[in-house]
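Throughout, read-outs are computed from the coordinates displayed, never taken from laboratory work. Everything numeric in this text was worked out from a predicted model, so none of it was measured. Don't worry about glycine lacking a Cβ; one is built from the backbone with ideal geometry, like all the others, and counts go over all protein chains shown.
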Amino acid sequence: MKPSQKIKRKVNQGIWMVLLRLSILISLLFLIVFLVMIIAKGGKVLSLSFLLQSPKDGMTAGGIFPAILGTLYLVILSIIFALPLGVFAAIYLSEYAKAGHFVNIIRTAINTLAGVPSIVFGLFGLAVFVNMFQFGVSVLSGSLTLAILILPIIINASEEAIKTVPDSFRQAAYALGATKRQTITKVVIPTALPNILTGAIISVGRAAGETAPILFTAATFYTRKLPTSIMDEVMALPYHIYALMTEGTAPKQQVPIAYGTSVVLLLLVLSVNLIAIVIRYRMRKRKKW
Amino acid sequence: MKFKESAFKYIALFAALCSVIFLFGIIVSIFKEGYPIFKIYGVIKFLFTTSWHPTHDEPTFGIAALIIGSFVVTIGSLIVAIPLGVGSAIFLSEIAGFKTRELLKPFVELLAGIPSVIYGLFGMAFLAPFVMRLFNLSTGLNAFTTSIILGIMVVPIIASISEDAISSIPKELREASYALGANKWETIYKVILPAAKSGIIASIILGFGRAIGETMLVLMVAGGSAIIPKTIFSPVRPMTAAIAAEMGETVVGSEHYHALFGIAIVLFILTFASNLITESVKRKVMREHNL
């Protein structure tokens, strides 16, 4: 090999190594600027009264308590709908189903559902829950829509969790005379539970942050009364951010409130995800099989 | 006992079938509500004319400009996200040490969970004014600003799936390449990337699906004008933004209402197709690795 060629290869490698490092640095830098901006601007308006008061003076002052409450209602109800359904679906797929066309159809449906744009879920919720079932714009319609949106996440996470339970556990249960159902409910699910919960927690974060599915099914910019039943329309954190930025007449006062609301939503979503990561990490360390 | 056993099994079967039922329900409902616009207005006219004036006295429902708007911001975002995402993935799996990787991977996962409405707020309140001043434009809410933020949002998706694809390449391939005298970059470029090609393509298609279906961010940042953009700095109105912005004002059962569901059909078909491609690529990857 000629020395000039050797140098060329070295230089080429050097340039590309710099570019690869740069690609992750740029991504991280942008994201850090993004997070710092949101937290710095929103942190200024954050206070206990911001969290616990209702909006005042046509959305230009006061707090976001109704939006926090609305998001909690939507998230809790959608998890109540989606978690049992998702876990049972995962049990079927991993414990009962035999490979073949039938299972392929189910899996394709789950994967397709996971890729449907969130606004299309919103239209579906509008056409079916709001109009056809006459649930109106309500917590019920919104959380049913969100439940379908997070179902694929829960199924996939639960199935992964169930798969990590070693077969020897099942064989031990059978050897003790347990039936298949007993093996699943007494051995497989309890063993997989922490990982199933991780999936549920991640989907909580997803449901809390989604705006498009609740635009026409649950959310309202402003309501005087706090929700008293699941048939009420509610304020919600992500929708509140959008509405503050695009509606209303006093952007000067509204934008800081939008930043404050973003920090609350961001902390909610990030802490929920962080909990999931920590649980997974600790499980991996504790696992002895 | 026996009854309980089979009841349990059938409950599980029903739960699994629910996904099929819901998907079917989504397809039926958007086609049922969207079909009338094809009948009234004609499929060709709906898809290929550019005049979108749904609230005029003589309304027109041509969505070509909306489709172009969607593609402009999606392709723009991929131009940002592919080099950053794939580059980050290569860095994480081939260059970073164990500790850096263990630290950055959860961070990337965490970022993938940030709600898009917060990206939208950032775009509207911070990046758009910045872009406006930098390029001396009349508005910063345009396809360019949208592409950048949307791209940043898609980076974690492309990075995490590409990283999985690259790390699953057997060590022997790398060792063989080094044994032949290749240096690190030559190994990455000539051995790793070709071997991980399918997985990387899958990640890009998934990123495409996510970007074209994204609603809140484009609704807030893209500017909202339903005309074919002249430059990358023109405001656009992607399909998702049109649905989100206009559905609240339509009367159930009106032509406009049906037209918005018609847009949802187009969106659904696009994301469904990109999903099927991702699936088949993934299956191909699995076959390749079983060799």
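Putting +1 on Lys and Arg Cβ atoms and -1 on Asp and Glu Cβ atoms, find which of A:Leu197, A:Ser168, A:Ile15 reaches farthest to the positive end of the dipole of chain A.
A:Ile15
May I ask you to derive the relative contact order of the range B:19-168, considering only C-alpha pairs under 8 Å and at least 6 residues apart, and to give it as an integer percent? Display every interim value, and only then the final one.
Details: 138 pairs, mean separation 42.7, N = 150.
Value for the range B:19-168: 28 percent.
For A:Arg284 and A:Val36 in the same chain, what is the full-extension length gain: residue separation times 0.36 nm, less their Cα-Cα distance, in nm?
Full-extension gain reported as 86.1 nm.
How are the alpha carbon pair distances in the protein assembly as shown distributed across 10 Å bins from zero to the largest one, expressed in percent?
Taking all Cα pairs of the protein assembly as shown, the binned fractions are 3, 16, 26, 27, 18, 8, 2, 0, 0 percent.
Helix-only estimate, please: 222 nm mean residue ellipticity of chain B, summing -39500 (n - 2.57) across DSSP H runs of length 4 or more and dividing by its residues, to the nearest 500.
On the way: 13 runs with 208 residues, N = 291.
Per the formula, -23500 deg cm²/dmol.
Under 25 Å Cα-Cα from B:Lys2, which lysines qualify once same-chain neighbours fewer than 8 residues away are excluded?
Partners found: A:Lys98, A:Lys180, A:Lys186.
Taking 25 Å as the cut-off for C-alpha to C-alpha distance, list the pairs among B:Lys9/B:Lys284; A:Lys44/B:Lys99; A:Lys8/B:Lys190; A:Lys10/B:Lys284; A:Lys6/B:Lys105 that go past it. All intermediate terms of the calculation are to be shown ahead of the outcome.
Numbers: B:Lys9/B:Lys284 32 Å; A:Lys44/B:Lys99 35 Å; A:Lys8/B:Lys190 17 Å; A:Lys10/B:Lys284 35 Å; A:Lys6/B:Lys105 35 Å.
Listed pairs above 25 Å: B:Lys9/B:Lys284; A:Lys44/B:Lys99; A:Lys10/B:Lys284; A:Lys6/B:Lys105.
Could you check the simple spin-label distance between A:Ser4 and B:Glu172, using points 7 Å along Cα→Cβ, in nm with one decimal?
For the pair A:Ser4/B:Glu172, the computed spacing is 4.0 nm.
Net charge near A:Val103: determine it from the other residues with C-beta under 15 Å of the C-beta of A:Val103, scoring Lys and Arg +1 and Asp and Glu -1. Before the final figure, lay out the partial values.
Details: positive: A:Lys98, A:Arg107, A:Lys163, B:Lys9, B:Arg283; negative: A:Glu95, A:Glu159, B:Glu279.
Net charge around A:Val103: +2.
By counting other Cβ atoms within 10 Å of each Cβ, how are B:Asp57, A:Asp57 ranked from fewest to most? Working shown, then result.
On the way: B:Asp57 5, A:Asp57 9.
Ordered from fewest to most neighbouring Cβ atoms within 10 Å, B:Asp57, A:Asp57 come out as B:Asp57, A:Asp57.
Amide H of A:Gln53 versus every other amide H placed in the peptide plane: which residues, excluding those fewer than 5 positions away on the same chain, fall under 5 Å?
Sorted by chain and number, the residues that satisfy this are A:Gly63, A:Ile64, A:Phe65.
Relative contact order, percent, of chain B when contacts are C-alpha pairs under 8 Å separated by at least 6 residues?
Computed over chain B, the figure is 26 percent.
Given points 7 Å out from each Cα along the Cα-Cβ axis, report the A:Leu274 to A:Lys186 separation in nanometres with one decimal.
Spacing of the two 7 Å Cα→Cβ label points: 4.1 nm.
Using unit Cβ charges (K, R positive; D, E negative) and no other charged atoms, how large, in debye to the nearest 20, is the dipole of chain A about its Cα centre?
On the way: 27 positive and 9 negative charges, 376 e Å.
Approximately 1800 debye in magnitude.
If one computes the Cα centroid of the range A:27-53 and of the range B:126-164, what distance in Å separates the two points?
19
Starting from the Cα of A:Thr223, move 7 Å in the Cα-to-Cβ direction to define the label point; list residues of the range A:126-142 whose amide nitrogen is under 15 Å from there.
Within reach of a label on A:Thr223, which here means backbone N under 15 Å from a point 7 Å along Cα→Cβ, the range A:126-142 contributes A:130, A:135-142.
Can you tell me the dipole magnitude for the range A:30-176 around its Cα centre, using point charges on the Cβ only (Lys, Arg +1; Asp, Glu -1), in Debye to the nearest 20?
On the way: 7 positive and 5 negative charges, 42 e Å.
Computed about the Cα centre, the dipole is about 200 debye.
Quote the charge dipole size of the protein assembly as shown about the Cα centre in Debye, to the nearest 20; the model charges only the Cβ of Lys and Arg (+1) and of Asp and Glu (-1).
Working: 49 positive and 27 negative charges, 491 e Å.
So the dipole magnitude of the protein assembly as shown works out to roughly 2360 debye.
Over all directions, average the projected area of the Cα convex hull of chain B and note it in nm². Present the calculation step by step, with values, prior to reporting the outcome.
On the way: hull surface 88.5 nm².
Result: a mean projected hull area of 22.1 nm².
What residue among B:Pro156, B:Ala264, B:Leu137 has its Cα farthest toward the positive end of the dipole of chain B, where the charges are +1 on Lys, Arg and -1 on Asp, Glu, each on the Cβ?
B:Pro156
Under 10 Å, Cα contacts only: if you run a Gaussian network model on chain B, which one of B:Ala176, B:Ala202, B:Ala211 comes out with the highest mean-square fluctuation?
Comparing B:Ala176, B:Ala202, B:Ala211 in a Gaussian network model of chain B, the most mobile one is B:Ala176.
State, to one decimal in nm, how far the label point of B:Val251 lies from the label point of A:Met132, with both points 7 Å from Cα in the Cβ direction.
2.4
What list of ³J(HN,Hα) values in whole Hz, one per residue of the range B:171-179 in order, does the Karplus curve 6.51 cos²θ - 1.76 cosθ + 1.60 (θ = phi - 60°) give from phi, with Gly and Pro shown as x?
4, 4, 4, 5, 4, 4, 5, 5, 5
If the chain between B:Lys2 and B:Leu103 were fully stretched, how many nm would it gain, using 0.36 nm times the residue separation less the Cα-Cα distance?
Values: separation 101, 0.36 × 101 = 36.36 nm, distance 5.01 nm.
Roughly 31.3 nm would be gained on extension.
Kindly put A:Trp16, B:Trp185 in sequence by how many other C-beta atoms sit within 10 Å of each C-beta, fewest to most. Don't skip to the answer; put the middle values down first.
Numbers: A:Trp16 17, B:Trp185 20.
In increasing order of surrounding Cβ atoms, one gets A:Trp16, B:Trp185.
Work out from phi, with θ = phi - 60° and the Karplus expression 6.51 cos²θ - 1.76 cosθ + 1.60, the ³J(HN,Hα) of each residue of the range B:16-27, listed in order in whole Hz, and give x for Gly and Pro.
Each residue's phi maps through the Karplus curve to give 5, 6, 4, 4, 5, 4, 5, 4, 4, x, 5, 4 Hz.
Once you order the gyration tensor axes a ≥ b ≥ c over the Cα atoms, which shape class does the range B:1-158 get: rounded for a/c under 1.5, otherwise prolate or oblate by comparing a/b with b/c? Walk me through the intermediate numbers first.
Values: a/c = 2.71, a/b = 1.05, b/c = 2.59.
Because a/c hits 1.5 or more and a/b fails to exceed b/c, the range B:1-158 counts as oblate.
Just tell me which lysines come within less than 28 Å, Cα to Cα, of B:Lys45; anything on the same chain fewer than 8 places away is out.
Correct list for B:Lys45: B:Lys32, B:Lys230.
How high is the FRET efficiency between A:Leu52 and B:Ile44 when r is their beta carbon distance and R₀ equals 51 Å, given to the nearest 0.05? Can you show the working numbers first?
Numbers: r = 56 Å, r/R0 = 1.10.
Computed FRET efficiency for A:Leu52 and B:Ile44 comes out at 0.35.
List the residues whose amide H sits under 5 Å from the amide H of B:Trp52, counting only those 5 or more places along or on another chain, with H placed 1.01 Å from N in the peptide plane.
For B:Trp52, the qualifying residues are B:Gly62.
Once each part is reduced to its C-alpha centroid, what is the distance from the range B:221-287 to the range B:20-44 in angstrom?
Cα centres, the range B:221-287 to the range B:20-44: 14 Å.
Using the number of other C-beta atoms within 10 angstrom as an exposure proxy, rank B:Arg101, A:Arg206, A:Arg286 with the fewest first. If you can, show how the numbers build up before the last one.
Numbers: B:Arg101 15, A:Arg206 22, A:Arg286 8.
In order of increasing Cβ crowding within 10 Å: A:Arg286, B:Arg101, A:Arg206.
Over chain A, what is the mean sequence separation of C-alpha contacts under 8 Å (at least six apart), divided by residue count, expressed as relative contact order in percent? It would help to have the intermediate numbers written out before the result.
Numbers: 358 pairs, mean separation 73.7, N = 289.
RCO, chain A: 26 percent.
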